[in-house]
Amino acid sequence: MQGIPKTYDQSQEPNVYKLWESSGYFNPDNLTGKPFTIMMPPPNVTGDLHVGHALFLTLQDIMIRFGRMRGRKTLWLPGTDHAAIATQSKIEADLYKQEGKTRFNLGREEFLKRVEVYAQTKHDNIVRQIRRMGASCDWSREAFTLDEQRSLAVRTAFKKMYDAGLIYRGKRIVNWDSKLKTTVSDDEVEWKDETASFYYLRYGPFVIGTARPETKFGDKYVVMHPKDKRYKNYKHGQKLEVEWINGKVTATVIKDETVDPEFGTGVMTITPWHDAADFEIAQRHNLDFEQIIDDRGVLLPIAGEFANQHIKKARPLIVEKLKAKGLLEKIDESYSHRVATNSRGGGLIEPQIKEQWFVDVTTLKEPMLKTVKSGKIKIIPKRFEKIYFHWIDNLRDWCISRQIWYGHQIPVWYKDGKTFCDTKPPAEPGWVQDPDTLDTWFSSGLWTFSTLGWPQETTDLKTFHPTDVLETGYDILFFWVARMILMSEFLLDDIPFRTVYLHGLIRDKDRQKMSKTKGNVIDPLGIIDTYGTDALRMGLIVGNLPGNDLPLSEDKVRGYRNFANKVWNAARFVLQNIIDLPSPSRRGAGGEVVMTSEDKKILRDLDKFTSEITKKLEKFDFAHAAEDLYHYFWHTFADKIIEESKPKLADPKKRASAQLMLTTMLETQLKLLHPFMPFVTEAIWQLTHKDLLMIQSWPTKGKRK
RNA sequence: GGACGGUUAGCUCAGUGGUAGAGCACUUCUUUGACGUAGAAGGGGUCGCAGGUUCAAAUCCUGCACCGUCCACCA
């Protein structure tokens, strides 16, 4: 015992992890009991792990280790996400920066090779980092959203939805990223505030306002509210000759209730091809659609002398011409509005009318609502349920086709105007597969069951689905959680999980949101090297309530490094002082330890404390459980109970009782602390035990061993 | 324009009706046989503002302010 170092050495953590992993107990096949399952949110293979990942790994590992110790057949299935658009945009950016090339210069095959090399490198690093966090997940079942098994699941899901009429191809207005040259879904659009110039233009007898004069070439409808008295003399359908940018056009008056009479002059012209709201007005009144800007942001022949110019360059010239023609009434320089951008590392969104694949969500809304409203799925914290309902109310058909190359290619083939959808290509020659790929969230939506071997009816699927807990950030409630519910309800007619635990975002010290694309991520591995994994885990858990953001401070982590050392030294004290206590098997037959009433009371309090911790863990209240454990160990056990045990140990009449009390206190607390601080607790346990703390039974009242 | 969250000690946050709490930071002391990554003691808050309910409000109600987030077809 003299050999135990005075300071806890966290550099032994990787060895402890090897011990766990080689034991086989990460794999539920080696466990018994009622299944308990969590699917790990697969990190994107776009970068390294950041502290947000460290947080979810910690939270899920706490639940998993707690479950395992309580005798559950525990499965935590790890994996990674190909993150189609995020990964592709990263590679494209690198390619352009390093070689001045675009993906089109390389070609589809060569480009994909590069992406795969990159993804593999990142994957290997991520997996190493997940291990370093102490995650007790089953590596034998690891999955990737783009591997063979998951690809089959994706094609199968697509076909089933296609056959059910839930997936259709339609020509509609979509969000076009003219930089990445692909569509993105409504949810991926990020609106950014911007101050711009707002132009008031003369349009015949009217004055219309626009922030985008370069889209106005084809405007031949002038729209106003039917009840606007200022324009009561103009009739719906009435035609007027007006002088416009490139000469005379015939304008048609349209009365539509969506026009806000309070805004500007109460009159507007519309550009149905490049504006979602205008598109709807045009649809309602059966108007013409004309494309003005191409996929690259270049003006088409309709722009006359401005054709073939990029909109950025053309705008000032167009304004100049309008001014020269006397059509420019005035300019409001401080007009604030929002511009749409692609949140996944792309560029400005330019609405376009395009033929794309969509998921018809109208019939799927009902089950999505019902599962949560009925309480079959519980969201923690509860306030997010309302946000979820509101999102579903506003949900429109989900555009799932992307014009990028990295991802699941759409399982549809064309030939002579015929369409064929299946999980395999048609046997006869001559069919050409749709070149588009699927939204990455389409494959993520299948995650709870694609990971278990679906569409095959595997034992794993029967055993572990629906999963118990889905733990993730509130920022992907819509992207991911909602889509999983949608997919699982339709394809399996079952919920994907019972409880959704939403954690907040870890922010940097300036409270800035960390994100993969912003590049302000903090490397948790650096923190681990200095303070140890247990310290980081505690720093991320204490004070972290579901749904609330948490700024990360190094001071806090340092405090828990000190706590790990405190645990180590308290253990050292106990172990050094119980050497002459007979082991449980050799007690009895005259060797029974008679507990003093004082020590009995301490153990009764321990029982009470244990059940409080258990209750908090059952309620997903990890922050308070961790805080309580910290206080109890340090300020009750170390400061008081250990100090008061010193004279008892010196008293031959009380010594054995104190020894038994101390070792019981220590072992129970090691078990309670283990889900939170697995490394230091296991390292201490290993000093005197041949088996693993990881699979000890969770302490319960009266069954203390 | 809607909705939600926050506003408590220098900092980060707990605390949902009954004499203000924790961690870190700060002050003083302890030269140490478990640990100085420690121990003991201590200072520090009119709990955003204004009303109201109550014997009693940080805690419930109303309004306001500021910060933050989400949603929404203001051309």
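The values are calculated or read from the model by the stated rules, or taken from the named source; none is laboratory data. Computed from a predicted structure; not experimentally measured. Note that we place each Cβ from the backbone using ideal geometry, even for glycine, and neighbour counts take in every protein chain shown. The accessibility values were calculated without ligands, DNA or RNA, using every heavy atom of the protein model including side chains. Shrake-Rupley method; radii C 1.70, N 1.55, O 1.52, S 1.80 Å.
Number of residues in region A:529-588 that are of a type in the set (Gly, Ala, Ser), within 6 Å of RNA strand B (Cβ to nearest atom), over 23 Å from the mean Cα position of the chain (by Cα) and closer than 24 Å to A:Lys616 by Cα equals 1. Going by the conditions given, is A:Tyr474 open to solvent by 10 Å² or more (accessible area, probe 1.4 Å) and more than 30 Å from A:Lys415 (Cβ to Cβ)? Yes: the conditions hold for A:Tyr474. Given the structure, is A:Met595 touching a helix residue (DSSP H, G or I) at 6+ places or on another chain (Cβ under 6 Å) and away from RNA strand B (no atom under 16 Å from the Cβ)? Answer is yes for this residue. Looking across region A:145-177 at every residue that is at pLDDT 95 or above and of a type in the set (D, E, K, R), the one that is surrounded by the most Cβ atoms within 10 Å (Cβ to Cβ) is identified as A:Arg150. Just one of (1) more than 9 Å from RNA strand B (Cβ to nearest atom); (2) among the acidic types (Asp, Glu); (3) farther than 14 Å from A:His285 by Cβ fails for A:Asp260. It is (1).
Scanning region A:9-45 for residues being open to solvent by less than 20 Å² (accessible area, probe 1.4 Å) and among the hydroxyl-bearing types (Ser, Thr, Tyr) gives a total of 2. Restricting attention to region A:262-302, the residues being of a type in the set (S, T, N, Q) and not in a loop (DSSP other than H, G, I, E, B) number 2.
Of the helices (runs of 4 or more DSSP H) lying entirely inside region A:85-179, the ones with 3 or more residues being among the acidic types (Asp, Glu) are found at A:108-132.
How many residues are open to solvent by less than 40 Å² (accessible area, probe 1.4 Å), near RNA strand B (Cβ under 9 Å from one of its atoms) and within 16 Å of A:Leu670 (Cα to Cα) when one looks only at region A:615-640? So that I can check it myself, show each step before the final result.
If we filter region A:615-640 for residues that are open to solvent by less than 40 Å² (accessible area, probe 1.4 Å), which is where we start, we get A:617, A:620-623, A:625-626, A:629, A:632-633, A:637-638.
Filter again for near RNA strand B (Cβ under 9 Å from one of its atoms), leaving A:621, A:623, A:637-638.
Within this subset, residues satisfying the condition of being within 16 Å of A:Leu670 (Cα to Cα) are A:637-638.
Selection size over region A:615-640: 2.
Contact annotation: residue pairs with Cβ atoms under 9 Å, 6 or more positions apart or on different chains, pairing a residue in region A:266-290 that is farther than 16 Å from A:His236 by Cβ with a partner that is acidic (Asp, Glu) and more than 10 Å from RNA strand B (Cβ to nearest atom), are A:Thr271/A:Glu290; A:Pro272/A:Asp288; A:Pro272/A:Glu290; A:Trp273/A:Glu290; A:His274/A:Glu350. Where strands (runs of 3 or more DSSP E) sit wholly within region A:309-426, those with at least 1 residues that are modelled with pLDDT under 95 occupy A:328-342, A:349-359, A:378-380. Here A:Glu643 meets each of (1) among the acidic types (Asp, Glu); (2) away from RNA strand B (no atom under 16 Å from the Cβ); (3) over 30 Å from A:Val500 (Cβ atoms) with one exception, condition (2).
Every residue, every condition in (1) more than 37 Å from the chain's Cα centre (by Cα); (2) modelled with pLDDT of 95 or more, yes or no:
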{"residue": "A:Asp605", "(1), (2)": "yes, no"}
{"residue": "A:Lys608", "(1), (2)": "yes, no"}
{"residue": "A:Phe637", "(1), (2)": "yes, yes"}
{"residue": "A:Pro647", "(1), (2)": "yes, no"}
{"residue": "A:Phe676", "(1), (2)": "no, yes"}
{"residue": "A:Ile684", "(1), (2)": "no, yes"}
{"residue": "A:Ile695", "(1), (2)": "no, yes"}
{"residue": "A:Trp698", "(1), (2)": "no, yes"}
{"residue": "A:Arg704", "(1), (2)": "yes, no"}
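Please enumerate the residues belonging to region A:357-410 that are basic (Lys, Arg), open to solvent by 30 Å² or more (accessible area, probe 1.4 Å) and either in contact (Cβ under 8 Å) with a residue 60 or more places away in the chain or closer than 30 Å to A:Glu148 by Cβ (or both). Within region A:357-410, A:Lys376, A:Lys378, A:Arg383, A:Arg396 qualify.
Annotation: of all residues in region A:646-694 being open to solvent by less than 60 Å² (accessible area, probe 1.4 Å) and β-branched (Val, Ile, Thr), the one that is nearest to A:Glu612 (Cα to Cα) is A:Thr668. Taking the residues in region A:646-678 that are outside any helix (DSSP H, G or I) and within 22 Å of A:Gln696 (Cβ to Cβ) as candidates, determine which candidate is nearest to RNA strand B (Cβ to nearest atom). Out of the qualifying residues, it is A:Met677.
For region A:182-229, which strands (runs of 3 or more DSSP E) that fit wholly inside it have 3 or more residues that are out of contact with any Gly (no Cβ under 9 Å at 6 or more places or on another chain) and open to solvent by 40 Å² or more (accessible area, probe 1.4 Å)?
In region A:182-229, A:189-203 are the strands (runs of 3 or more DSSP E) which contain 3 or more residues that are out of contact with any Gly (no Cβ under 9 Å at 6 or more places or on another chain) and open to solvent by 40 Å² or more (accessible area, probe 1.4 Å).
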